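I have placed the structure first, in the form of structure tokens, so that the comments after it can refer back to it.
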């Protein structure tokens, strides 16, 4: 389990680095365009270019920071990454001065812009919420913009079990959501609790595991378990952005 945890954390850190690299490449593109078209470019087009880069970069950074934290990385990844982004944007602006400020949401249930709740009731959420302000100062005018970025991955699971001899067949429904509604998963891992000692056991092909993707964010999962009575299950999901979320639930008898 430790190696899996470390692997997830390393993936999250890699996403943060990738987000900064993309920002630098985007700024370089803006620089090239402004340099090659300096005779026709104006302050408004400069501001528009920087606004576009900044908005894309801030969203990518929030996603990568949430992926890092939810996969077991730094709990301060959001603030740390946005400070680096702000410094990068300011240092690589051209023909105008770009200042990015940010305010992580600190209203319950968010703390420092992050809300992670992996419950026992079949629901789990990993979310980040930040308000941004961008100021672009040019030679002839100043431009200002504020906007909010919300990145959320959540799941809901429920299940039933039916006794078949010495084993039980477990059927689970798992639905994955992002901030816009149902979304697809990149990875789903299922565990169930050993009734003898309370430990959690990974479900794999030895348990006749099947996962059916219905293509709309909902997955039908079935497996066999050596259990007697109610089965406690856990679903661990990474979405397509590698944000991690999990939830536990107790299956009802079918």
Taking just the C-alpha trace of region 155-253, give me its Rg and Dmax in Å.
-> 13.3, 43
Computed from the beta carbon distance with a Förster radius of 41 Å, FRET efficiency for residue 106 and residue 201 to the nearest 0.05 stands at 0.60
Rounded to the nearest 0.05, what FRET efficiency do residue 142 and residue 186 give with R0 = 45 Å and r taken as the Cβ-Cβ distance? Could you check?
-> 0.60
In what order do 117, 86 fall by count of nearby beta-carbon atoms within 10 Å, going from fewest to most?
-> 117, 86
Quick one: length gained pulling residue 211 to residue 52 fully straight, 0.36 nm per residue minus the C-alpha distance?
-> 53.3 nm
Give me 107, 79, 153 ranked fewest to most by other Cβ atoms within 10 Å of their Cβ, as a rough exposure proxy.
-> 107, 79, 153
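Bear in mind that the values in this text are calculations on the coordinates, not laboratory data. All of these numbers come straight from a predicted model, not from anything done at the bench. Please note: Cβ atoms are built from the backbone with ideal geometry, for glycine as well, and neighbour counts cover all protein chains shown.
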